[in-house]
């Protein structure tokens, strides 16, 4: 192999030199080359591939080289090149396979009209790169004498992961990334804790390490956000949710995750661990049972357990005294310049303001969050004006209480300064937004701020202003409505200010009132024509809703907890959130004033439905029969019909079709009499399923048609798509294949809209 590698190096060096290029760095067997003209790079790459193809390699496998081309302005220093284009071409190269040459759109546009004969480029589409920033359009360079058929590009879109895309480029951190990656290269290193103060960039560093390692793990890299987790026991539940692990009610979620992880090869990032430090035992348990799983923990303090490798995330590198003329060589000043230019595109660094920019970054201790907040002010102030205000505020807050961590003092100073720059209205909106968790809709913000700002557009304007000032950020719209987020540290500071102004009780009261109302509306509309929008709203606001329920429960508002639980159970079951569903049903049952009253009956029935969904049929039947007796005593026809429908499902799952048929027929009679359209339609749909099993296709189609007419009548899209699938199955079994295709084609776009993967697989197959 040594001889082959030597020959490989000779081929590359000679060909690159012959095509007006030069090698400025080698990393292992990788060559980093620079060319004056893009076409020279294309010619060099193809020539190398042709020579390598014809070479007689005395190795067990032929040598195959992957190559990437990108064009951009890089900085030269000490015979090396630095800057975003250098990083990006490396990311593009990681997409390719041996023997493949790929290029960015920037390079493709320069060469597409001047390619030599027999050479063409092929559009491979847009791909997320490992930098998690903007996608890149990738083109493959083809030659008539070279292979052009390769597997799919190894982008983040096809490799198993849930790493969120980033809206801004990562500045610097090359040294830290290399250090953490090398830690994982050690034989026994399976846990790395990234430790440092809030705002230091621990999460961003962890995400980038995870992205870099995604193709080095069989089962991918997974990000578990613990921001909203406050109890140690919930760490396992959140991890299970991210990994898609279904949990049985009697199982310990720690054990459920451990069982799945036992044979996995993956990397898991546990982010914001400092608020659940007692959960270190969970990490210990998983490390013991899953030899192929590695963990990154981000926290403000180390877990202090055996096997932990602690990496203290340092501030960004800063220019020393007299080095302001080379700001681009230091991470902190590069970050400031990048974010300042994003805020004000015509901002430039010159001899006059360069020392000021350097001092701003130094005064902010190289903390990324503080630097970004300062850079956002460039739109309204020049660097010297920023420095003047920053200097005053930092001196004002120096020291603080002795029991306050130093990291909090520094961040508090930064955020306090930013807060003081806001108008009075902006400060008020910011304080009130701090009660939100996870996301903020315009409607919710307006409800919380309603006594102060009656005009929704006034609230929107204030939020947009906070977005401009980097205190709030935009998230993808929900049901075509604007949606926002607030950073954890920024939110904590805002809530302290809210308490200082003695506005917290009224703000939280309006917050909980809003989400109590939202859940009620969503529950009532779940089977109606606007169900998709309501599903999206509840999904996007799960953290806000959870906080609302905890607050109401702690306040002893049992009626509100019962109401929210009853409306949320269908959503939790839809999303397989079985653990949280069971927890809240049990809590709501404790609040029931009458153990045999209507609320207790409905909650008991929902517990049976939960057990049914989890496949625990005996407990499902027990709960449903108990609920049925209560409904019959209460003369609650809707509850009785619903219970019978669920009992029928339970017996159907047992394979006891006659008993299932009996319950469903009784349910149909009652639901028809009381005009419960959706319940009646669902029961007819279930009857159709039995007839399918018994090969009574004519009867099955009749039941499905009744259900379809009802679903269409009330606008229940989700169930309509299921019925199209059901009728398609009848036609398929009758060998009416064209008719079956028509039904499936009706179902597919609706199923895709709702993300119903189970029925989609059936329809496509």
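Nothing in this text is a laboratory measurement; each read-out follows from the coordinates by a stated rule. Please read these numbers as outputs of a predicted model, since none were measured by experiment. We place every Cβ from the backbone using ideal geometry, glycine too, and count neighbours over all the protein chains shown.
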**Message:** Please list the three semi-axes, largest first and in whole Å, of the ellipsoid equivalent to region 249-352, using sqrt of 5 times the eigenvalues of its alpha carbon gyration tensor.
**Reply:** 44, 15, 12
**Message:** Taking 37 °C and 0.692 mPa s as the conditions, I'd like the Stokes-Einstein D for region 164-204 in µm²/s, using the Kirkwood hydrodynamic radius from alpha carbon pairs.
**Reply:** 274 µm²/s
**Cα-based Kirkwood hydrodynamic radius, region 507-601, one decimal, Å** = 13.5 Å
**Prompt:** Hey, what's the Cα Rg ratio for region 2-143 versus the globular rule of thumb, 2.2 N^0.38 Å?
**Reply:** 1.02
**Complete:** Contour minus Cα-Cα span, residue 305 to residue 473, at 0.36 nm per residue, comes to 56.9 nm
**Message:** With n ≥ 4 as the cut-off for DSSP H runs, can you work out [θ] at 222 nm for the chain, using -39500 (n - 2.57) per run divided by the number of residues, rounded to the nearest 500?
**Reply:** -18000 deg cm²/dmol
**Item:** Hydrodynamic radius (Kirkwood) for region 138-179, which is based on Cα pairs only, to one decimal in Å
**Value:** 14.3 Å
**Prompt:** What nm value, rounded to one decimal, do you get for the distance between residue 175 and residue 384 when each label is placed 7 Å out toward the C-beta?
**Reply:** 3.3 nm
**Request:** For region 692-765 and region 238-295, compute the distance between their C-alpha centroids and round to whole Å.
**Result:** 38 Å
**Prompt:** Convex hull over the alpha-carbon atoms of region 422-515: what's its volume per residue in Å³?
**Reply:** 89 Å³
**Request:** Quickly rank 660-669, 339-348 as a protection proxy: mean count of other C-beta atoms within 10 Å, highest first.
**Result:** 660-669, 339-348
**Request:** Any chance you could give the angle, 0 to 90 degrees and rounded to 10, that helix 697-714 forms with the longest Cα principal axis of the chain?
**Result:** 70 degrees
**Message:** Show me the three semi-axes of the equivalent ellipsoid for region 174-312, from the C-alpha gyration tensor (sqrt of 5 times each eigenvalue), largest first, rounded to whole Å.
**Reply:** 22, 17, 13
**Item:** Fraction of antiparallel bridges per DSSP, the chain only, in percent to nearest 5
**Value:** 50 percent
**Cα centroid separation, region 444-497 to region 216-236 (Å)** = 27 Å
**Asked** Looking only at region 26-46, which residues have a backbone nitrogen under 19 Å from a spot 7 Å from the Cα of residue 2 in the C-beta direction?
**Response** 28-30
**Prompt:** Given a cut-off of under 8 Å on Cα pairs at least six residues apart, what relative contact order in percent is computed for region 25-148?
**Reply:** 23 percent
**Request:** With all distinct Cα pairs included, what does the Kirkwood hydrodynamic radius of region 123-196 come out to in Å, to one decimal, could you say?
**Result:** 15.6 Å
**Message:** Contact order normalised by length for region 422-515, with contacts defined as Cα pairs under 8 Å and 6 or more residues apart; what percent is it?
**Reply:** 38 percent
**Item:** Cα-only Debye scattering, the chain: base-10 log of I(q)/I(0) at q = 0.11 Å⁻¹
**Value:** -1.34
**Item:** Convex hull volume per residue for region 257-302, taking Cα atoms only, in Å³
**Value:** 66 Å³
**Request:** Based on other C-beta atoms within 10 Å, arrange 352, 187 from fewest to most.
**Result:** 187, 352
**Request:** Can you tell me the order of 684-691, 517-524 when each peptide is scored by its average per-residue count of other Cβ atoms within 10 angstrom, highest first?
**Result:** 684-691, 517-524
**Message:** Please rank 573, 378, 415, fewest neighbouring Cβ atoms within 10 Å first, as an exposure proxy.
**Reply:** 573, 378, 415
**Asked** Which three extents, in whole angstrom, do the alpha-carbon atoms of region 296-374 cover along their principal axes, largest first?
**Response** 52, 27, 18
**Fill in**
The exposure ranking of 369, 712, fewest beta-carbon neighbours within 10 Å first, is 712, 369
**Prompt:** Can you give the relative contact order of the chain as a percent, counting alpha carbon pairs under 8 Å and 6+ residues apart?
**Reply:** 6 percent
**Asked** So between residue 64 and residue 554, what do we pick up on full extension, going 0.36 nm a residue minus the alpha carbon distance?
**Response** 170.0 nm
